[in-house]
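Engineer: Got a structure for you, written out below as structure tokens; questions coming shortly.
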Amino acid sequence: MPYVKIIRDQNPKNKIFLVTIEQPFHKMNDEEWSIESSKLKKENIELIRFKYDHFGFKMALRIIRFIPKLVTLIKQKKIEVIHSWCMTAGALGYLLSLLTSKPLIIDSYEPHAESMVENGTWLQSNFKFKLLFWLEKKQSQKANTVIALTKGMENYAKKKYNANFKNYYIKPALVNLNKFNWQLDKYKKMRAEQNLSDKIVCIYSGKLGGIYLEEEVFDFFKVAHNYWREKLKIYLLTDKNINEVNAYLKQKEIPKDCIETLFVNHEEIQNYYQIADFAINPVKPVPSKKYCTSIKDGEYWAMGLPVVITKNISDDSNIIEKEDIGYVLKNLSNQEYNNACEKINSLLEKNIEESHFKITSIADQYRSFKIAKNIYKEIYS
């Protein structure tokens, strides 16, 4: 939505039709729908929604049913451009562009099909992989403009999709720096209230498994506990079943009182970042992740947190190493986890305000919404 609003600001007179495909557990009820759609109409944005199914036969049937409706909408409303987010939505954008001859823009451009194979969700022989990869190739060749998440995605697209772009921009996952904003007084007050003044607080917010490591995260926690002992406090903000978390704690011999496991609404996450000393981002270091950006790093940096990350993750691993604002794991071993703890400890010994200022400045450079504003201004104004 922040990106849609920024596009809206470039030319407020032109109407935006925002098509969403809702997952059942995110679906708005009738009252919510009425409130949200009314709000957006005041900003000249019309909300259109369809039902979501997992990528496959049922979703294909749904797409076949609602494509004629969208083609009719494009023609009746004289829509000028199709702007899609990510490669899966880009597949729908490609079909609409093909049927209407309207220019296609792909935003948040990153590989998806190969990522699903690399993280073990699909096999390369799987029909889903073959279909999505083909759609990624076709939309890449059709797109008039691409807004990628990383620098290297352009070479990936040339090699994998035989695609060359007329207009190519880079916009990683950006963060509202007004919302994610570290404050020293608040940090001291909140830590005192929660008896954390003498603690080293590690935080991770996100899933375990899938594109993220799972057991290795607890291996790291074990090494970190051995390094800091009773000084360590970990906040694990995840939807992982608490019984599964406790099983890992027992297996790795990590004290239960060392870790607080919570599922937290995104609106509250910055309050937990506010009390942290460092964060981890355990993305599986598979090849395609070099071309994807994790919004976690942007949020961590905006809160001034040094980050422990796996290698070759988007441009972030290089930034962390180059700017000396965390540690990049060369491999997944206890020795490397200990090296990470030593590095984080040395960073935490520096002046806290200077350290946070340095990292938040990097967030402003690499993750500010001004990046999106400059790109959308060039495209749409």
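Engineer: If you take the residues in the stretch 104-131 that are acidic (Asp, Glu) and not in a strand (DSSP E or B), which one is surrounded by the fewest Cβ atoms within 10 Å (Cβ to Cβ)? First the steps, then the outcome.
Structural biologist: In the first step, residues of the stretch 104-131 are kept if they are acidic (Asp, Glu); the result is 107, 110, 114, 118.
Restricting the remaining residues to those that are not in a strand (DSSP E or B) gives 110, 114, 118.
Values: Glu110: 22, Glu114: 20, Glu118: 18.
Checked the stretch 104-131; the qualifying residue surrounded by the fewest Cβ atoms within 10 Å (Cβ to Cβ) is Glu118.
Engineer: Working only within the stretch 143-164, note down all residues that are part of a loop (DSSP other than H, G, I, E, B), out of contact with any Cys (no Cβ under 9 Å at 6 or more places or on another chain) and not charged (D, E, K, R). Before you say what the answer is, go through the steps one by one.
Structural biologist: Initial filter on the stretch 143-164 (part of a loop (DSSP other than H, G, I, E, B)): 143-144, 149-152, 162-164.
Still in the list and also out of contact with any Cys (no Cβ under 9 Å at 6 or more places or on another chain): 143-144, 151-152, 162-164.
Listed by number, the residues that qualify are Ala143, Asn144, Gly152, Asn162, Ala163, Asn164.
Engineer: I'd like the residue in the stretch 152-172 that is exposed (fewer than 15 other Cβ atoms within 10 Å of the Cβ) and in contact (Cβ under 8 Å) with a residue 12 or more places away in the chain and, out of all such residues, is nearest to Phe133 (Cα to Cα). Working first, answer last.
Structural biologist: Start the filter on the stretch 152-172 by keeping residues that are exposed (fewer than 15 other Cβ atoms within 10 Å of the Cβ), which leaves 155, 158-159, 162, 164, 166-167.
Going one step further and asking which of them are in contact (Cβ under 8 Å) with a residue 12 or more places away in the chain, we end up with 162, 166-167.
On the way: Asn162: 12, Lys166: 22, Asn167: 22 Å.
Applying the filter and picking the extreme gives Asn162.
Engineer: Let me ask you something else. When residues of the stretch 57-103 are filtered for being part of a helix (DSSP H, G or I), closer than 27 Å to Ala148 by Cα and within 27 Å of the chain's Cα centre (by Cα), how many remain? Let's see the steps before the verdict.
Structural biologist: Of the residues in the stretch 57-103, the ones part of a helix (DSSP H, G or I) are 57-76, 86-100.
Applying the additional criterion that residues be closer than 27 Å to Ala148 by Cα yields 59-60, 63, 67, 70-71, 74, 86-100.
Right, trim to within 27 Å of the chain's Cα centre (by Cα) and you get 59-60, 63, 86-97.
Qualifying residue count, the stretch 57-103: 15.
Engineer: Within the stretch 1-35, take every residue that is touching a residue at least 24 places away in the same chain (Cβ under 8 Å) and β-branched (Val, Ile, Thr) and give me the one that is surrounded by the fewest Cβ atoms within 10 Å (Cβ to Cβ).
Structural biologist: Here the residue is Thr20.
Engineer: Is there any pair linking a residue in the stretch 225-244 that is not assigned by TED's automatic domain parsing to the domain that holds Ile203 and surrounded by 13 or more Cβ atoms within 10 Å (Cβ to Cβ) to one that is modelled with pLDDT under 95 and assigned to a helix (DSSP H, G or I), with Cβ under 6 Å and at least six apart or on different chains, and which?
Structural biologist: none
Engineer: If Trp134 passes every condition in (1) surrounded by fewer than 15 Cβ atoms within 10 Å (Cβ to Cβ); (2) of a type in the set (A, V, I, L, M, F, W, C); (3) touching a Phe, Trp or Tyr at 6+ places or on another chain (Cβ under 8 Å) but one, which one does it miss?
Structural biologist: (3)
Engineer: Within the stretch 170-189, is there a residue that is within 18 Å of the chain's Cα centre (by Cα) and hydroxyl-bearing (Ser, Thr, Tyr)?
Structural biologist: no
Engineer: Quick check, is Leu305 crowded, with 24+ Cβ neighbours inside 10 Å and under 24 Å from Val223 (Cα atoms)? Full working, then the answer.
Structural biologist: Details: crowded, with 24+ Cβ neighbours inside 10 Å: yes; under 24 Å from Val223 (Cα atoms): yes.
Answer is yes for this residue.
Engineer: Can Thr145 be described as closer than 25 Å to Gly210 by Cα and either surrounded by fewer than 17 Cβ atoms within 10 Å (Cβ to Cβ) or touching a residue at least 12 places away in the same chain (Cβ under 8 Å) (or both)? Talk me through it step by step, then tell me what you get.
Structural biologist: Values: closer than 25 Å to Gly210 by Cα: no; either surrounded by fewer than 17 Cβ atoms within 10 Å (Cβ to Cβ) or touching a residue at least 12 places away in the same chain (Cβ under 8 Å) (or both): yes.
In short, no.
Engineer: With respect to the numbered conditions (1) in a strand (DSSP E or B); (2) under 20 Å from Tyr380 (Cβ atoms); (3) touching a Ser or Thr at 6+ places or on another chain (Cβ under 7 Å), which one is the sole condition not fulfilled by Phe17?
Structural biologist: (3)
Engineer: For the stretch 345-372, give me the residue count where each residue is touching a residue at least 60 places away in the same chain (Cβ under 8 Å), outside any helix (DSSP H, G or I) and not aromatic (Phe, Trp, Tyr). Quick ask: steps written out before the conclusion?
Structural biologist: Taking the stretch 345-372 as the starting set, the residues that turn out to be touching a residue at least 60 places away in the same chain (Cβ under 8 Å) are 345, 347-348, 352-353, 356, 360, 362-364, 366-369, 371-372.
Now restrict to residues that are outside any helix (DSSP H, G or I): 368-369.
The next check asks that each one be not aromatic (Phe, Trp, Tyr); those that pass are 368.
The number of residues fulfilling the criteria is 1.
Table: residues versus (1) among the basic types (Lys, Arg); (2) closer than 27 Å to Asn181 by Cβ.
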position	(1), (2)
Lys240	yes, no
Leu249	no, no
Lys252	yes, no
Phe263	no, yes
Asn281	no, yes
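Engineer: Can you name every residue in the stretch 344-363 that is exposed (fewer than 14 other Cβ atoms within 10 Å of the Cβ) and charged (D, E, K, R)?
Structural biologist: Selection gives Glu349, Lys350, Glu353, Glu354.
The values are calculated or read from the model by the stated rules, or taken from the named source; none is laboratory data. Everything quoted here is computed from the prediction, not taken from an experiment. Here Cβ is always computed from backbone atoms with ideal geometry, including for glycine, and neighbour counts include all displayed protein chains.
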